[in-house]
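Undergrad: This is the structure I have questions about; it appears just below.
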Amino acid sequence: MIPRLSVILVIIVAGCAKTQPPNVIYILADDLGYGELGSYGQTLIQTPHLDILANEGMRFTQHYSGSPVCAPSRCTLLTGLHTGHCQIRDNYELGGFADSTERGQLPLEKETYTLGHMMRDAGYATAIIGKWGLGGPNSSGVPTQQGFDYFYGYLDQKQAHNHYPSHLWRNTEWDTLANGYFHPHQRFDGENLDESAAYDHYKGVDYAPDLMAQEAEDFIRRHAAEPFFLYFAHTVPHLALQVPDEELDAYEGVLSEFPYDGSSGYLPHIRPQSAYAAMITRMDKHIGRIMEVLQELGIDENTLIIFSSDNGATYTGGVDTAQFQSSGRLRGGKGEVYEGGIRVPMIAAWPGTITGAVGMVHKQLGSGHGRGFG
């Protein structure tokens, strides 16, 4: 089998006529289905910036995640090993949802050789911004012990069920946000499902995806003069259904929907389908902003951007994936090893080096031998 990120190495080698090694930005969406981008046939959800990347770059049509669920998929990504050989083979949850019980997931072992180590050994400044899920606080699995110079985001993927968390982590330091803590799995406790004000206490002030997108931009600016590797592990569209209200305007009257009361997990939302679509559009705007920053700094032609997802689309939490055709007519979704659970979008863009192409085949599965990157 081909190591999961061997495609990065192939593309970089192909472009090595450049005088400086290319920057690499790997963007990993969370639970984004194969059919949820316009470039993959989506007609309801607006993703204009990612569609530009697909049109100007290369759109992969048979790209597979290493697992149909979060933590093992991320482990295969970072180690190059398939789930028969990598350490994390399931979502081994430790601790609980409350801040006081945050322990994360089963951590990567201390001597693990990761993609972060590989890129740092090659002379790159390295960062992971977003959701980690491979080791909680004070464990051997924290990103700064796994090849990354800088980390900002969620250590514990359970905490990432709330996009308005009480805190994020900066390296190994707790970063308090303005939201306060509330549980990410609740049933509607108002009297009228149609009363918008009754949903206010499922929202917050600091929207974590926005904060992490800003951190990604800041990292690019700090390292524009040297080769950098940014692993941007975005938390959208993983539930709960939460997005700034102004993002809902674009979907007014577009979708068939009814208020969601939280009965199948996660948080209630008065316009659940609009919220889901709007979350993806908000992520698309974040990626568009990264594209703008690269152009502004004059490094877009020396930067490889790869976009993908950790597994297929969700099956719970109030989202009507049938309406969106989230799996692109493939069978199954997240948690299943049918095509809809493991075939994911993958786009590679590098102005001046990658020309538009559709249909290239690549599998994200690791080799299962040695360190996985050989």
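Undergrad: Sorted by average packing, counted as other Cβ atoms within 10 angstrom per residue and highest first, what order do 88-95, 139-146 take? Write out the running numbers ahead of the final one.
TA: Numbers: 88-95: 17.0, 139-146: 20.6.
Descending packing order for the listed peptides: 139-146, 88-95.
Undergrad: Further, regarding this structure: In deg cm²/dmol, rounded to 500, what helix-only [θ] at 222 nm does the chain give when every DSSP H run of at least 4 residues adds -39500 (n - 2.57) and the total is split over its residues?
TA: Using -39500 (n - 2.57) per qualifying helix, the result is -6500 deg cm²/dmol.
Undergrad: May I ask which residue of Gln273, Gln214, Pro21 lies farthest towards the positive end of the charge dipole of the chain, with charges of +1 (Lys, Arg) and -1 (Asp, Glu) on Cβ and the Cα centre as origin?
TA: My answer, from the dipole projection, is Pro21.
Undergrad: Related question: Tell me, in nm to one decimal, what length is gained between Arg120 and His201 on full extension, where the rule is 0.36 nm per residue of separation less the Cα-Cα distance?
TA: 24.9 nm
Undergrad: Follow-up question, since we're still on this one. Restricting to Cα pairs below 8 Å that are 6+ residues apart, what does the relative contact order work out to for the chain? Please round to a whole percent.
TA: On the way: 916 pairs, mean separation 122.8, N = 374.
Relative contact order comes out at 33 percent.
Undergrad: Could you sort the peptides 293-301, 311-319 by per-residue average Cβ neighbour count (10 Å cutoff), highest mean leading? Please list the in-between numbers first.
TA: Details: 293-301: 15.3, 311-319: 24.3.
Those peptides, ordered most packed to least, come out 311-319, 293-301.
Undergrad: Taking a probe of 1.4 Å, how large is the accessible area per residue of region 216-351, in Å²?
TA: That works out to 34 Å² for each residue.
Undergrad: Nearest 10 degrees, 0 to 90: what angle lies between the long axis of helix 208-222 and the longest principal axis of the chain (Cα atoms)?
TA: With rounding to tens, the tilt is 20 degrees.
Undergrad: Okay, moving on. Counting Lys and Arg as +1 and Asp and Glu as -1, each charge on the Cβ, what is the dipole of the chain about the Cα centre in debye, to the nearest 20?
TA: 1580
Undergrad: For the chain, modelled as a Gaussian network with Cα springs under 10 Å, which listed residue fluctuates most, Ser256, Ser73, Ser39?
TA: Ser256
Undergrad: Along each principal axis of its Cα atoms, how long is region 89-204 end to end? Whole angstroms, biggest number first, please.
TA: Between the extreme Cα coordinates on each principal axis of region 89-204 lie 58, 26, 21 Å.
Undergrad: Could you state the angle between the C-alpha long axis of helix 70-79 and the longest principal axis of the C-alpha atoms of the chain, as a value from 0 to 90 degrees rounded to the nearest 10?
TA: In the chain, helix 70-79 runs at an angle near 10 degrees to the longest axis.
Undergrad: Once neighbouring chains are kept in place and the probe is 1.4 Å, which whole percent of the accessible area of region 43-186 is contributed by carbon and sulfur? Kindly include the intermediate steps, with their values, before the conclusion.
TA: On the way: 2490 of 5130 Å².
C and S fraction of accessible area: 49 percent.
Undergrad: Among bridges DSSP assigns within the chain, what percent are antiparallel (round to 5)?
TA: So the antiparallel bridges amount to about 40 percent of the total.
Undergrad: Quick one: Kirkwood hydrodynamic radius for region 30-106, alpha-carbon pairs, angstrom, one decimal?
TA: 14.9
Undergrad: What number in nm² do you get for region 146-189 if you take the convex hull of its Cα atoms and divide its surface by four?
TA: Averaging across all directions leaves 3.6 nm² for the Cα convex hull.
Undergrad: If you stretched the chain out fully between Ala178 and Arg222, how much longer would it get, using 0.36 nm times the residue separation minus the C-alpha to C-alpha distance?
TA: 13.3 nm
Undergrad: Between Asn138 and Ser264, what FRET efficiency follows from the Cβ-Cβ distance if R0 is 51 Å, with the result rounded to 0.05?
TA: FRET efficiency, Asn138 to Ser264: 0.90.
Undergrad: Only one of the listed values, (1) 54, 43, 41; (2) 64, 43, 40; (3) 58, 43, 43, was derived from the coordinates as Cα extents along the principal axes in Å; which label is it?
TA: Evaluating Cα extents along the principal axes in Å on these atoms matches (2).
The values are calculated or read from the model by the stated rules, or taken from the named source; none is laboratory data. The structure displayed is predicted, hence computed values, not measured ones. All Cβ positions, glycine included, derive from the backbone under ideal geometry; neighbour counts span all protein chains shown. What goes into the accessible areas is simple: the full protein's heavy atoms, side chains included, and nothing from ligands, DNA or RNA. Shrake-Rupley method; radii C 1.70, N 1.55, O 1.52, S 1.80 Å.
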